[in-house]
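The values are calculated or read from the model by the stated rules, or taken from the named source; none is laboratory data. Keep in mind that what you see is a predicted model, and the values were worked out from it rather than measured. In case anyone asks, the SASA skips ligands and DNA or RNA and just uses the protein heavy atoms, side chains included. Shrake-Rupley method; radii C 1.70, N 1.55, O 1.52, S 1.80 Å.
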Amino acid sequence: MSKTQSTTSKSTASIECQNPDCETHGKVWEFHHGAYCSNECEHKHESYKHLRKLKHDHTVCYSCFTQLKTIEPPKPDHAFDVTGTGWSWDPENEWWFLERYGQEITKEMAVGFQHRTPEADVGEKQLKNLITTGTICDSCGNCNHTVHIPYLEDDHTVIGRVITRLDIDLTIPQIHHFHREYRATQDLALALGRVING
């Protein structure tokens with residue numbers, strides 16, 4: 001295949017935007033940096049790297065960033081640290097095999113005890129098609145800790161709390177920029193992405 005054919009086939013190929021929340025398809029040459037359908041998607045994707053941990057932290061409300069639970073780690077005498085080997089039977093192949101066993105994964109899963117904070121409450125939550133009860137935020141009323149609902153809380157409060165929980169250091173001008181962007185867009189990911197990307 002010649003160099004011209006290779007370039008032509010790549011330029012006509014359809015790609016998907018690299019932002020996980022976007023399903024836009026298009027040609028490589030139409031995309032910003034050959035990866036994003038817009039600057040907005042690039043900004044959001046950059047901020048997701050920092051917001052992902054907060055979004056999936058079940059101890060924090062993702063709307064107002066209030067602490068909902070505290071975790072008491074397991075006591076050392078409850079640590080899972082048994083390792084060794086043992087014979088296991090495979091009924092399909094009808095043979096025994098030597099298997100190593102350990103508690104590394106189980107040990108990681110032992111999170112200890114959870115305690116709700118005064119800002120948390122118990123209420124109805126929707127999980128797919130099921131209605132169940134669980135921890136909800138009593139501060140802003142959010143029932144789903146992985147969804148950010150901007151109008152539930154004051155802009156300054158949200159930005160102040162999220163800044164203390166981020167794993168990046170922002171300068172004072174960046175913090176002011178973050179406040180302005182969030183107030184203008186009401187989109188946390190976009191506002192943070194614009195601050196990070198300058």
For this session: Could you please state how large a percent of the accessible area of the range 147-197 is carbon and sulfur, counting protein chains only and using a 1.4 Å probe?
Result: 53
Problem set entry | Per residue accessible area in Å² of the range 124-198, where ligands, DNA and RNA are left out and the probe is 1.4 Å | 59
For this session: Could you rank S47, S14, S88 by how accessible they are, 1.4 Å probe, largest area first?
Result: S14, S88, S47
Seminar exercise, completed: Computed on Cα atoms, Rg of the range 133-194 relative to 2.2 N^0.38 Å comes out at 1.17
Problem set entry | In Å², nearest 10: area of S139 left accessible to a 1.4 Å probe | 60
